[in-house]
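Each value in this text was obtained by applying a stated rule to the coordinates, not by laboratory testing. Bear in mind the structure is a predicted one, so any value in this text is a computation, not a measurement. Note that each Cβ is placed from the backbone with ideal geometry, even for glycine, and that neighbours are counted across all protein chains shown.
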Amino acid sequence: MDLATVLTYISFTFFLVITPGATTAVVIRNTLERGFRGGVSTAAGAAIANMTHATAAGLGLTIVLQRFPAVLFGVRIAGAVYLGWLGVVSLVRARRAEGSLVQKVENGQTRTSRSAFLDGLVVNLLNPPILTFYLLMPTFLPPNPAAWMFATLAAVHVTMAFTCHVAWSLLFERLRHALAQPGALRALDAGAGVALLLLAARVLVA
């Protein structure tokens, strides 16, 4: 790999990871609901999913997606359904919300870090843009590349994405305490629910 190709890949990956999408929305949602630990747990789950995609691509399993588009279509539908479900849960919770967000976190009334981790894992495993990214990754490699080249590019993406998601968690952890007044949780969950439903619809029509 020449330097120009490496820099192009890094730039491409940077703009991909900083563009808010389904994973970012879930990281923010879980940070605001469960605090910084919830956001980082979600980011960790997303990172494991990214490593899973990278491993599958390295083993050549992404060829299945190229030869059988119905598989990718199925993944897209499953991802949209999961995002839609998260959106509906947020809207239902917004309707029933009582008390402030920070009080609920401090009293342990939100879900665990384990469930936040699973949110990040499932959302990213079923995230069509991530699948597409790893389908495109070989275009940055020379013919018959060494295994370490692909592993290096994958590691750059996983690291950049995780760092970006942790940064979102830090930012919204700060904002979380500004939403301690009564009614904030309801407004937050309603906004998150609408955003997730819109993302689900975008995945369906993509």
(request) Compare Leu91, Leu65, Leu131 in a GNM of the chain, Cα atoms joined below 10 Å, and give the one with the largest fluctuation. (result) Leu65
(request) Round to the nearest 10 and give me the degree value, 0 to 90, for the angle of helix 36-58's Cα axis relative to the longest principal axis of the chain. (result) 20
(request) Estimate the FRET efficiency between Phe73 and Leu136 by the formula 1/(1 + (r/R0)^6), using the beta-carbon distance for r and 22 Å for R0, to the nearest 0.05. (result) 0.75
(message) Quick check for me: using +1 on Lys/Arg Cβ and -1 on Asp/Glu Cβ, what's the dipole size of the chain about its Cα centre, in debye to the nearest 20?
(response) 540
(request) Treating the angle as unsigned and between 0 and 90°, give the value, to the nearest 10°, between the Cα long axis of helix 113-125 and the longest Cα principal axis of the chain. (result) 40
(request) Can you tell me the 0 to 90 degree angle between the C-alpha axis of helix 22-34 and the longest principal axis of the chain, rounded to 10? (result) 30
(message) Restricted to Cα positions, what overall size does the stretch 3-205 have along the principal axes? Three whole-Å values, descending.
(response) 59, 34, 24
(message) Cut-off 10 angstrom, C-alpha nodes, Gaussian network model of the chain. Which of Arg29, Arg176, Arg67 fluctuates the most?
(response) Arg67
(request) Among Leu32, Gly60, Asn50, flag the residue with its Cα farthest along the positive direction of the charge dipole of the stretch 3-205, charges on Cβ as +1 for Lys/Arg and -1 for Asp/Glu. (result) Leu32
